[in-house]
Amino acid sequence: MSAALHRTEIFCSRFGLQVPILLAPMAGACPPALSVAVAKAGGLGACGALLMGPDEILAWAGAVRAGSNGAFQINTWIPDPAPARDPAHEAQVRDFLGRWGPEVPPEAADVVPPAFDAQCRAILEAGPPIVSSIMGLYPAPFVAELKQHGIAWFATVTTVSEARAAERAGADAVVAQGSEAGGHRGSFDAGDAERQQVGLFALLPAVADAVSVPVIAAGGVADARGVAAALILGASGVQIGTGFLRCPEAGIHPAWADAIALAAPEDTAVTRAFSGRTGRSLANGYVRAAAAADAPAPAPYPVQRALTAAMRATAQTAGDVQRMQAWAGQSARLASADPAGAVVRRCWEGAKALLS
């Protein structure tokens, strides 16, 4: 147990932290105020930049720096190959979605994500101490630029083979994401995200044994018990997502926050119904209907995300959690409505007490 605490001390010293608690970079749910609160408590703030253009990335970093001198990471997705388009199938998906929200016109599917190269340029300009990746590995030229700028790289992995590949590619640490995690699965291959559902406490010791870089545990950790267990199993730090969503600084819709408070582990589901990429959300009415035998299969990412945009926006406006994109990990019920700084301190002080 003393070895686990020593490992966290080395990790914190290397990456400029006071405590080994990291905010998960959740796209759309990481406002600057949440990162400021986590950083002020000694942890690592985070920006999920998937949906952000360069100006938004720079503005986010500026706002966090204005509120805190703590550390933060900026996260981007590694793009998938261009999706295969099937107009006939997309029409079936649009018809299905029309039962849950506004009518979806054919051109809705043509919306594309922000340009990855432009996001990478903005990240270098923003100059965070840490960047992180999900859905794959950064290209070698960008990794070289990160190292030239003194920016550390945390690579999200979901298997032992992905962890080894990340270490070979130059990652300074790997984030071992178990299948309990809320939101999108970080598998390098979209198909593997559904086939390879490895839980954190099986994945974590296997990854820790396979690589020499620090390992950060992610997925289903939301209190001191989970933090302590992760450290015993070989983690140097712990990344928490759903456990921060009910904090006032997160600013998510009250209907989503209230549903998280009531969710048992079995009340979440792995689904592609929102974005076309596999993710874990509350098993609400739309998720269950989309999984029914008579429902069309989701379109690939990012087509499905574009097609569901109107439904998701309408659900937010109406406060209708049955149609809402309500990401949640399997430990959702452990999330508290306390300020984020209090959550950080409680998790870390409680973990140290358990490890002492």
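Here, each number is a calculation from the coordinates, and none is a lab measurement. Everything quoted here is computed from the prediction, not taken from an experiment. Please note: Cβ atoms are built from the backbone with ideal geometry, for glycine as well, and neighbour counts cover all protein chains shown.
Numbers for the structure displayed
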{"item": "Per-residue [θ]222 nm for the chain (sum of -39500 (n - 2.57) over DSSP H runs n ≥ 4, rounded to 500)", "result": "-12000 deg cm²/dmol"}
{"item": "Relative contact order (%) - criterion: Cα under 8 Å, at least six apart; region: segment 1-156", "result": "21 percent"}
{"item": "Computed label-point distance, nm, for sites residue 194 and residue 297 using a 7 Å Cα→Cβ extension", "result": "0.6 nm"}
{"item": "Loop sites in segment 74-143: trypsin sites (Lys or Arg not before Pro), DSSP, at most 14 other Cβ within 10 Å", "result": "85, 99"}
{"item": "Principal-axis tilt of helix 340-355 within the chain, Cα atoms, nearest 10 degrees", "result": "50 degrees"}
{"item": "Ascending count of other beta-carbon atoms within 10 Å, so fewest first, for 331, 68, 132", "result": "68, 331, 132"}
{"item": "Range of Cα positions in the chain per principal axis (Å), largest first", "result": "57, 44, 39"}
{"item": "Dipole magnitude (debye, nearest 20) for segment 269-332, charges at Cβ of Lys, Arg, Asp, Glu", "result": "160 debye"}
{"item": "Farthest toward positive dipole pole in the chain [+1 Lys/Arg, -1 Asp/Glu at C-beta], among 119, 45, 302", "result": "45"}
{"item": "Segment 41-106: GluC sites (Glu not before Pro) in DSSP coil with no more than 11 other Cβ atoms inside 10 Å", "result": "103"}
{"item": "Nearest 10 degrees, 0 to 90: helix 309-318 Cα axis against the chain principal axis", "result": "80 degrees"}
{"item": "Dipole magnitude (debye, nearest 20) for the chain, charges at Cβ of Lys, Arg, Asp, Glu", "result": "680 debye"}
{"item": "For segment 171-185, 3J(HN,Hα) per residue [Karplus equation, 6.51 cos²θ - 1.76 cosθ + 1.60, θ = phi - 60°, Hz, x = Gly/Pro]", "result": "4, 7, 7, 10, 9, 7, 9, x, 5, 6, 4, x, x, 6, 6"}
{"item": "In order through segment 261-272: 3J(HN,Hα) via Karplus (6.51 cos²θ - 1.76 cosθ + 1.60), integer Hz, x for Gly, Pro", "result": "4, 9, 7, 7, x, 6, 8, 10, 8, 8, 8, 9"}
{"item": "Cα→Cβ-extended label distance, 7 Å offset, between residue 206 and residue 289, nm", "result": "3.7 nm"}
{"item": "Segment 184-226 and segment 257-311: distance between their alpha carbon centers, rounded to Å", "result": "21 Å"}
{"item": "Which of 98, 159, 83, positive extreme of dipole for the chain (C-beta unit charges)", "result": "159"}
{"item": "For segment 235-244, Karplus couplings with θ = phi - 60° (6.51, -1.76, 1.60), whole Hz, Gly/Pro x", "result": "6, 9, x, 10, 10, 10, x, 4, x, 9"}
